[in-house]
Amino acid sequence: MRLRNWIAVVVGVVLLAAAGAIGFAVNRSALRAADDVHKADSRALAVNNATLVGQMQLLYAGDLGEFLAENSLHLGTGSAADRAALTAFAAKSPTFSYGALLIGLDGGVLTSSRTAGLPATGDPGWRPLLAALKSGQKAGFSSVMAVNGTYLQAVGVPVLVSGSPAAILIGLNNVPTTSLQQYTATLSSGAHLTAIADGAGTIGATSRKELLGSRIDPALQRAITGSDREFIEYTTAAGTRMIAVVVRGLPGGWSYARIQTKKSFDGAVHAKSQTLNLTLGAMLLIGVLSISVLGYRTQIQRRRADERFQALFQHAPDLVSVLDATGRIEYSSPSAAAVLGFDEGRLVGSSVFDIVHPDHREYMLEQFSVLIARRDAVLRLQCLVRSGDGDYRWFEFTASNQMHNPSLHGVVINARDISENRAFQERLAHEAQHDALTGLPNRRRMQDALGHSLREEPVAVLFVDLDGFKPVNDAHGHEAGDELLRQVAERLSACVRERDVVARVGGDEFVILMPGVSEPADTVAMSARIRHALDVPFVIDGHEVQVGASVGEHLAPGASDPDEALRAADHAMYTVKRSRQSYPQQRPGRHRAED
């Protein structure tokens with residue numbers, strides 16, 4: 001009897017030890033998979049945000065390039081004409097409102113829109129900008145520089161004369177007011193800190209505005225400069241363990257960092273995993289002491305293990321699913337109800353491709369086949385997914401091939417709703433190609449449309465310049481002038497055909513493109529409609545004001561040069577303006593450009 005009991009104890013201990021080992025393995029595998037998915041999501045989000053940051057910085061350089069394309073500079077030391085052009089540019093630019101300047105290739109200031117408040121020429125923050133331009137890059141970006149308590153960043157592009165750099169055009173950003181800082185502020189969260197820092201570790205954009213101009217943690221900065229790891233773990237001076245996902249290589253040697261405590265990054269997954277490990281150990285001890293109820297304890301252990309495994313995903317904000325080799329859903333986390341609006345368990349047994357948008361379904365099937373064919377493969381994809389109410393929303397998927405994993409034996413899918421982020425990116429793209437005041441296409445968008453149309457058909461180009469706009473500005477102020485430009489844009493838009501393009505190309509100048517038009521009578525009729533529409537008085541803040549318009553016409557045959565077509569319409573407009581007796585004056589800048 002005693003031997004039988006010992007045999008039962010030994011058998012029970014062995015069985016419990018085996019069950020415990022399996023439980024630990026399952027827990028460890030699930031934790032590793034969840035960590036992999038979490039890190040992949042964090043990396044993808046960081047790369048996406050860093051890409052937007054880089055695009056925004058390149059847009060800054062694009063504004064300087066447009067200024068050079070529209071202005072002829074003298075490049076003389078203290079040139080009054082250059083100073084006037086720089087001052088006008090800074091006054092109009094939402095990006096470089098702090099100021100603009102021209103410097104020689106030796107770093108000396110030639111002309112500036114400001115008489116004071118410029119960074120010292122010896123400031124080390126200039127080095128990345130000058131080094132980039134010296135190496136032949138099209139744009140350079142400085143580090144953060146402080147002037148009288150104001151944090152600035154400089155963006156520079158070379159001024160070419162006969163194809164060679166003759167000087168450098170610099171635009172100065174007031175760091176707290178830039179669109180980059182405004183975008184970064186939208187990433188504010190109590191769980192993490194977003195910081196965009198220059199090569200020296202000075203923060204130039206952050207989700208916490210009070211940290212602008214300060215330095216990131218020295219331990220983090222040393223890790224950024226000393227290694228190429230994406231995930232950096234470090235300890236603060238106060239002893240707090242931190243983790244940061246870092247994206248390097250932004251213009252000017254800047255870096256993007258998403259920082260949070262290690263505890264918050266690991267979150268509930270690690271906490272519940274540790275709890276599960278402790279529970280399994282306790283159950284082993286209880287099983288040894290209570291061998292008489294071995295069978296019962298074994299069933300309890302398995303049931304509790306399953307419950308805790310499900311609890312890992314019970315409150316996950318993202319949708320987690322496990323698919324078989326055909327794409328059929330074997331497991332769907334309870335978050336499907338909150339994320340997609342489907343009842344809990346309804347998706348299990350159905351094909352994941354049934355809820356993918358028909359336009360994206362074939363591509364997703366191809367990518368799924370690639371994923372299945374590669375062991376340990378991980379893919380990140382975006383597509384439209386149908387929700388429970390029938391609407392389609394953008395989701396980002398991270399798919400991990402875990403078919404070889406005995407604990408999962410499937411493809412683990414982590415899905416996140418990115419509809420708002422996609423909308424934000426599309427809004428950024430729209431703003432980059434449209435005039436902020438009138439909502440019309442800007443010069444860049446107009447030039448793209450003209451080039452595309454001329455490849456296929458002739459285009460009539462009408463260059464419209466307002467007569468009498470400056471007196472309205474002088475008499476009623478710039479706000480009244482802005483309102484007048486908005487009303488002019490509405491009237492011009494009402495004059496054209498559906499396929500025509502109306503663009504504001506600067507100041508009080510507009511361009512109208514009429515694809516497919518090759519007859520002079522059509523442009524004459526359109527010019528007459530424009531002049532008639534703008535001759536009707538405008539009501540601005542209760543005051544009746546009147547302006548006219550000089551319209552230059554040019555019929556550009558198909559396959560002709562877009563720039564030549566615009567210049568021809570521009571010259572035609574000034575010919576008309578000179579012939580009109582009401583407004584005989586010309587803009588000095590334009591007159592010099594024609595000469």
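Selection within the stretch 26-59: residues that are of a type in the set (S, T, N, Q) and within 22 Å of Gly252 (Cα to Cα). The member of this set that is surrounded by the most Cβ atoms within 10 Å (Cβ to Cβ) is Gln57.
Report whether or not Arg416 is within 20 Å of Asp318 (Cβ to Cβ), of a type in the set (Lys, Arg), out of contact with any His (no Cβ under 6 Å at 6 or more places or on another chain) and modelled with pLDDT under 75. So Arg416 fails the test.
Criterion first (within 20 Å of Leu437 (Cβ to Cβ) and either within 31 Å of the chain's Cα centre (by Cα) or without any contact (Cβ under 8 Å) to a residue 60 or more places away in the chain (or both)) does Ile540 satisfy it? For Ile540, the condition - within 20 Å of Leu437 (Cβ to Cβ) and either within 31 Å of the chain's Cα centre (by Cα) or without any contact (Cβ under 8 Å) to a residue 60 or more places away in the chain (or both) - is not met.
Residues that are touching a strand residue (DSSP E or B) at 6+ places or on another chain (Cβ under 7 Å) and more than 22 Å from Ser560 (Cα to Cα) number at least 2 in the following strands (runs of 3 or more DSSP E) confined to the stretch 444-524: 459-467. If I filter the stretch 427-442 for residues that are touching a strand residue (DSSP E or B) at 6+ places or on another chain (Cβ under 8 Å), assigned to a helix (DSSP H, G or I) and hydroxyl-bearing (Ser, Thr, Tyr), do I get at least one hit? No; the residues of the stretch 427-442 include none that is touching a strand residue (DSSP E or B) at 6+ places or on another chain (Cβ under 8 Å), assigned to a helix (DSSP H, G or I) and hydroxyl-bearing (Ser, Thr, Tyr). Taking the conditions exactly as written (touching a helix residue (DSSP H, G or I) at 6+ places or on another chain (Cβ under 8 Å), in contact (Cβ under 8 Å) with a residue 24 or more places away in the chain, under 30 Å from Ala377 (Cβ atoms) and not charged (D, E, K, R)), does Ile418 satisfy them or not? Answer is no for this residue. Counting the residues of the stretch 194-207 that are modelled with pLDDT of 90 or more, over 18 Å from the mean Cα position of the chain (by Cα) and either farther than 15 Å from Gly54 by Cβ or of a type in the set (Ser, Thr, Tyr) (or both) gives 3.
Screening Ala146 on (1) within 30 Å of Gly481 (Cα to Cα); (2) part of a strand (DSSP E or B) shows it passes everything except condition (1). Whether any residue in the stretch 226-234 is under 30 Å from Ser135 (Cα atoms), surrounded by 14 or more Cβ atoms within 10 Å (Cβ to Cβ) and touching a Lys or Arg at 6+ places or on another chain (Cβ under 8 Å) is what I want to check. Yes, the stretch 226-234 contains at least one residue that is under 30 Å from Ser135 (Cα atoms), surrounded by 14 or more Cβ atoms within 10 Å (Cβ to Cβ) and touching a Lys or Arg at 6+ places or on another chain (Cβ under 8 Å).
Each row is one residue, and each column tells you yes or no for (1) assigned to a loop (DSSP other than H, G, I, E, B); (2) touching a residue at least 60 places away in the same chain (Cβ under 8 Å); (3) within 17 Å of Ser162 (Cβ to Cβ).
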site: Phe67; (1), (2), (3): no, yes, no
site: Leu73; (1), (2), (3): yes, yes, yes
site: Gly78; (1), (2), (3): yes, no, no
site: Ala85; (1), (2), (3): no, yes, no
site: Ala88; (1), (2), (3): no, no, no
site: Ala91; (1), (2), (3): no, no, no
site: Thr95; (1), (2), (3): yes, yes, no
site: Ala100; (1), (2), (3): no, yes, no
site: Leu105; (1), (2), (3): yes, yes, yes
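Do you know which of the residues in the stretch 80-97 that are buried (at least 19 other Cβ atoms within 10 Å of the Cβ) and in contact with a Ser or Thr (Cβ under 6 Å, 6 or more places away or on another chain) is farthest from Thr177 (Cα to Cα)? Going through the qualifying residues, I end up with Asp82.
Remark: Val412 matches the filter, which requires a residue to be hydrophobic (A, V, I, L, M, F, W, C) and surrounded by 15 or more Cβ atoms within 10 Å (Cβ to Cβ). Would you confirm whether or not the stretch 138-159 contains a residue that is among the basic types (Lys, Arg) and surrounded by 13 or more Cβ atoms within 10 Å (Cβ to Cβ)? No: zero hits. Could you tell me whether any residue of the stretch 183-204 is assigned to a helix (DSSP H, G or I), within 15 Å of Leu58 (Cα to Cα) and of a type in the set (A, V, I, L, M)? Looking for residues that are assigned to a helix (DSSP H, G or I), within 15 Å of Leu58 (Cα to Cα) and of a type in the set (A, V, I, L, M), one finds none in the stretch 183-204, hence no.
Say we look at the stretch 242-266 and pick out the residues that are of a type in the set (Gly, Ala, Ser) and closer than 30 Å to Leu59 by Cβ; which of these is surrounded by the fewest Cβ atoms within 10 Å (Cβ to Cβ)? Checking each candidate, the answer is Gly249. Within the stretch 218-270, the set of residues being of a type in the set (Ser, Thr, Tyr) and assigned to a strand (DSSP E or B) comprises Tyr234, Thr235, Ser255, Tyr256, Thr261. Look at (1) surrounded by 15 or more Cβ atoms within 10 Å (Cβ to Cβ); (2) in contact (Cβ under 8 Å) with a residue 40 or more places away in the chain; (3) closer than 30 Å to Phe89 by Cα and you find that Asp500 fails only one, number (2). Of all residues in the stretch 317-328, exactly one satisfies the criterion of being more than 16 Å from Val37 (Cβ to Cβ), modelled with pLDDT under 85 and surrounded by 14 or more Cβ atoms within 10 Å (Cβ to Cβ), namely Gly327. Tell me, please, whether a residue that is among the charged types (D, E, K, R), in contact (Cβ under 8 Å) with a residue 12 or more places away in the chain and under 30 Å from His543 (Cα atoms) can be found in the stretch 442-458. The answer is no; no qualifying residue exists. Restricting attention to the stretch 383-409, the residues being buried (at least 16 other Cβ atoms within 10 Å of the Cβ), under 29 Å from the mean Cα position of the chain (by Cα) and of a type outside the set (Gly, Ala, Ser) number 11.
The number of residues in the stretch 107-128 being of a type in the set (D, E, K, R) and in a helix (DSSP H, G or I) comes to 1.
The values are calculated or read from the model by the stated rules, or taken from the named source; none is laboratory data. No experiment lies behind these values; they were computed from the predicted model shown. A quick note on method: Cβ atoms are made from the backbone with ideal geometry, for glycine too, and the neighbour counts reach across all protein chains shown.
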